[in-house]
Amino acid sequence: MPYVPIAQHIYSQPDEVELVKVKLFKQVAYYCLCLHLLFIFAFWYSQVYILAIANIASVAAWATGIYLLNLGHSHLALRVFCVEVTAHSVLVCATLGMDYGFQYYLWTIACMLLLDMKLKLRLAITLSLSLIVLFAALFELFNDVQTAFVFHDYARPIHFINVFVCGLPMIYVIGHVRESTFIQRHQLATLAARDPLTNLFNRRYAKELILRAHSSCAHNGQSLCVVMADLDHFKQINDQQGHDVGDEVLQTVSDILREHVTDQDIAVRWGGEEFLLVLVDCALEEAVQRLETLRQTLEKQRFNGDELTATMSFGVALWHTALPFSVTLQLADDALYSSKAKGRNCITAARSG
C-alpha cells in the first residue's frame, strides 16, 4: 500500500526540524540580503550599472522571501530564493565571465532545494540536478567573455571569496539541520521506547529487549529471572488521594526501581500499577535478596508530604533456557498472586518451571 501521511491536528505542535529550518533560512536570507547590498555599491563603483540595478532587484527578492518566511510560507520563500540566485548567477557570468566565481551560488541553492519538504523528492532532485547542469553549461556559454571590469586584476581573490561566501550558508544550514534531525530522532526513539509517566521501558519495546537478553544469556550460560511486581491497594490511593498523587507514587516507585537494577537489567511498566523486571545474570536466590532490599526501600518511602505509604508485592521465576517467555511470565504472575494472597508486601519465588 502507498504511504499515506497522518494528518496532524490543527493544534499539533509544529515539527521541530521544520522550525529550525525556517529559522536557518531566515538567517541565510538576511545574510544574502546584506551581501547584495554590498554588491550594489561594488558594481556601481565599478560602473557595471546593469549588475548594480540587478542587485537592487535581488535585495527586493530576499526581502520578499523573508516576508514569506515570517508568514510561514517557507516553501514559497525557497522558490523566490531559487529564482533570484539562478537569475543573478547567470546575469553576472554573462556580464563578467566565469573568473569571479559567481556561478558557485548555484550549488548552494541546489542543496537548499533538497530541504524543501513541500517538493516531492524526485522533483527536488530533478530541480537540483538542473541547477548543477546549468552550472556546467555556464562554463561553455560564458568562459570567453571579455570585460573591462575594474577589479579584473583581483579575479583570483574574488573567486576565492565567492566560493567561501556561497559555501558558508550551505554548510551552516545543512550542519544545523543534521544536528536537529539527530536530536529529534533521539526524542522519537525515547518516546517509542519509554512510558511517558514513569520513563521506564514500555511493554511493546521491552519485549524486543527481553528476547535479546534471553538469547544472550542462553549463549553465555547465564541465569535470568523474571519478576512481576504490583503496587498494593493502588486503586485506593487513586480513589482517596486523587490521580495526581497516584502519578507521584508511580513516578517515585519507578525511580526506586531504576536505582535497584543494573545497566543490563530491564525495568518495564507492564500495566497501570504493574511492573516487570528482568534480572540478567542473576540466580533465583540472588534475585530474591535483591527484591527484598527493594521491598524494604519502598516500604520506608513516604508520599504526598509524608502522609502516605505504599508497598509492593513481588513474584519471581527463574527463566529456564528451554521455556518460552510467556510460560516464565505466567510463573512469575502466579507467584505474584501468591504474594497477594499472603497479605501483600512480600516476595514469592516460583518453584517450578
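The values are calculated or read from the model by the stated rules, or taken from the named source; none is laboratory data. The model shown is predicted, which means the values in this text are computed figures rather than measured ones. Cβ: placed from backbone, ideal geometry, glycine included. Neighbour counts: every protein chain shown. Side chains included, ligands, DNA and RNA excluded: accessible areas come from the protein's heavy atoms. Shrake-Rupley method; radii C 1.70, N 1.55, O 1.52, S 1.80 Å.
A few remarks follow.
- Taken over the range 334-353, the residue count meeting the criterion of being of a type in the set (D, E, K, R) and outside any loop (DSSP other than H, G, I, E, B) is 2.
- Qualifying residue in the range 194-204 (condition: in contact with a strand residue (DSSP E or B) (Cβ under 8 Å, 6 or more places away or on another chain), under 17 Å from PHE303 (Cβ atoms) and among the aromatic types (Phe, Trp, Tyr)): no
- Boolean, VAL165 is of a type outside the set (Ser, Thr, Tyr) and in contact with a helix residue (DSSP H, G or I) (Cβ under 6 Å, 6 or more places away or on another chain): no
- Candidate set from the range 136-150 (those that are open to solvent by 90 Å² or more (accessible area, probe 1.4 Å) and at pLDDT below 90); member that is nearest to THR95 (Cα to Cα): GLN146
- Counted residues, the range 259-284 - those being among the hydrophobic types (A, V, I, L, M, F, W, C) and in a strand (DSSP E or B): 9
- Of the criteria (1) of a type in the set (A, V, I, L, M, F, W, C); (2) free of Cβ contacts under 8 Å to residues at least 40 places away in the same chain; (3) farther than 23 Å from PHE43 by Cα, which one CYS111 fails: (2)
- For THR321, the criteria (1) under 19 Å from ALA283 (Cβ atoms); (2) open to solvent by less than 80 Å² (accessible area, probe 1.4 Å) hold in every case but one, which is (2).
- Subset of the range 179-196 [open to solvent by less than 60 Å² (accessible area, probe 1.4 Å) and either in a helix (DSSP H, G or I) or in contact with a Cys (Cβ under 9 Å, 6 or more places away or on another chain) (or both)]: SER180, THR181, GLN184, ALA189, THR190, ALA192, ALA193
To keep it simple, each residue is scored yes or no on (1) surrounded by fewer than 19 Cβ atoms within 10 Å (Cβ to Cβ); (2) modelled with pLDDT of 90 or more; (3) not in a helix (DSSP H, G or I).
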{"site": "LEU68", "(1), (2), (3)": "no, yes, no"}
{"site": "GLY72", "(1), (2), (3)": "yes, no, yes"}
{"site": "LEU78", "(1), (2), (3)": "no, yes, no"}
{"site": "GLU84", "(1), (2), (3)": "no, yes, no"}
{"site": "SER89", "(1), (2), (3)": "no, yes, no"}
{"site": "THR95", "(1), (2), (3)": "yes, yes, no"}
{"site": "TYR100", "(1), (2), (3)": "no, yes, yes"}
{"site": "TYR104", "(1), (2), (3)": "yes, yes, no"}
{"site": "ASP116", "(1), (2), (3)": "no, no, yes"}
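- Condition met for ASP153 (surrounded by fewer than 16 Cβ atoms within 10 Å (Cβ to Cβ) and not aliphatic (A, V, I, L, M)): yes
For every residue, the table says whether it meets (1) surrounded by fewer than 11 Cβ atoms within 10 Å (Cβ to Cβ); (2) in contact (Cβ under 8 Å) with a residue 40 or more places away in the chain.
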{"position": "ARG122", "(1), (2)": "yes, no"}
{"position": "LEU131", "(1), (2)": "no, yes"}
{"position": "ILE171", "(1), (2)": "no, no"}
{"position": "VAL226", "(1), (2)": "no, yes"}
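- Of all residues in the range 169-201, those that are among the β-branched types (Val, Ile, Thr) and closer than 30 Å to PHE275 by Cα total 3.
- Condition met for THR126 (out of contact with any strand residue (DSSP E or B) (no Cβ under 7 Å at 6 or more places or on another chain), among the β-branched types (Val, Ile, Thr), in contact (Cβ under 8 Å) with a residue 12 or more places away in the chain and closer than 26 Å to ARG178 by Cα): no
- Among the residues of the range 202-216, those identified as of a type in the set (D, E, K, R) and either surrounded by 12 or more Cβ atoms within 10 Å (Cβ to Cβ) or under 16 Å from GLU274 (Cα atoms) (or both) are ARG203, ARG204, LYS207.
- Cβ separations smaller than 8 Å between residues 6+ apart or across chains give the following pairs from the range 300-311 residues that are touching a residue at least 60 places away in the same chain (Cβ under 8 Å) to residues that are polar (S, T, N, Q) and not in a strand (DSSP E or B): ASN304/GLN241; LEU308/GLN241; ALA310/GLN301; THR311/ASN345.
- The combined condition, being touching a residue at least 60 places away in the same chain (Cβ under 8 Å), touching a strand residue (DSSP E or B) at 6+ places or on another chain (Cβ under 7 Å) and part of a helix (DSSP H, G or I), is fulfilled by LEU331.
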